[in-house]
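Structure record follows, encoded as structure tokens.
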Amino acid sequence: MKIIDCELSPNPNALKFVLDTQLLEKETRFYKTKNDAANDSFAFGLMSIEGVKTVFYMNKFITIEKEESFQWKDIQKKIIEFVNSFDKNLIPAENFEAAKENEGELLRQIRNVIEEQVIPALANDGGSLEIISLDGYTLHIKYLGACGSCPSSIRGTLIAIQNLLQREVNPMINVVPA
């Protein structure tokens, strides 16, 4: 497993590291603390690098958010060395579960639009989102990766997702961050 590119994200404290190997097929993983990552040796190792604030990974990329007090020049090389020397086989198996059988039709339609159109767009900037719940027509989402602390995700992206879901699924849908 090797890092083949490093891309800026709209979040100045987050970098997207593109890999030559697929880490996960359908699942995403996001860790805010070293304790959260205790059962994932890959994320735990990254969180152990001084200056790393959060770790998000999916498909063929990792997004690292740094502590504001650190400069990328101080930690980027350590991240690259760790990833390039890590044995991909040590990454815990996916726990991806298809949509639950009792999931309502509205949530199933929302999930399809988000997985097909929204998540790939967010992934371009090193982020993603997770559906937390659907209460009536109010969809609660949680931003992951670079999107988690990016100022544009709270306003512009949230409105764009809501407009897309209103157009594609149901005009009554309201999207709020969890």
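If you place +1 on the Cβ of every Lys and Arg and -1 on the Cβ of every Asp and Glu, how big does the dipole about the Cα centre of the chain come out, in debye to the nearest 20?
Details: 19 positive and 25 negative charges, 77 e Å.
In debye, rounded to 20, the chain gives about 380.
For the peptides 121-130, 19-28, residues were scored by their other Cβ atoms within 10 Å and the scores averaged per peptide; the highest-first order is 121-130, 19-28.
Between Lys78 and Lys26, what is 0.36 nm times their sequence separation minus the Cα-Cα distance? Round to one decimal in nm.
Working: separation 52, 0.36 × 52 = 18.72 nm, distance 2.74 nm.
Result for the pair: 16.0 nm of gain on full extension.
Note on the chain: antiparallel DSSP beta bridges, both residues inside, total approximately 90 percent of the bridges counted.
Under 19 Å from the 7 Å Cα→Cβ point of Lys142, by amide nitrogen: which residues of the range 27-62? The answer is 27-41, 43-44, 47, 53-59, whose backbone nitrogens lie closer than 19 Å to the label point.
When the P(r) is computed for the chain, the part past 25 Å accounts for 35% of the Cα-Cα pairs.
Farthest towards the positive end of the charge dipole of the chain, among the residues Tyr31, Asn13, Phe82, is the Cα of Asn13, using unit charges on the Cβ of Lys, Arg, Asp and Glu.
With a simple spin-label model that places each label point 7 Å from the Cα along the Cα-to-Cβ direction, the separation between Met172 and Lys2 comes to 5.4 nm. Ranking Ser149, Asn170, Ser133 by how far each Cα lies toward the positive end of the dipole of the range 105-177 (charges on Cβ) leaves Ser149 at the top.
Remark on the range 3-90: ratio of C-alpha radius of gyration to 2.2 N^0.38 Å is 0.98. Multiplying the residue separation of Gln162 and Glu94 by 0.36 nm and removing their Cα-Cα distance gives an extension gain of 21.6 nm.
Give me the tail of P(r) for the range 105-177 as a percent: Cα-Cα pairs with distance above 18 Å.
Numbers: 743 of 2628 pairs.
Considering the range 105-177, 28 percent of its Cα-Cα pairs are separated by more than 18 Å.
Values quoted throughout were computed directly from the atomic coordinates according to the rules given, and no laboratory measurement underlies them. No experiment lies behind these values; they were computed from the predicted model shown. Don't worry about glycine lacking a Cβ; one is built from the backbone with ideal geometry, like all the others, and counts go over all protein chains shown.
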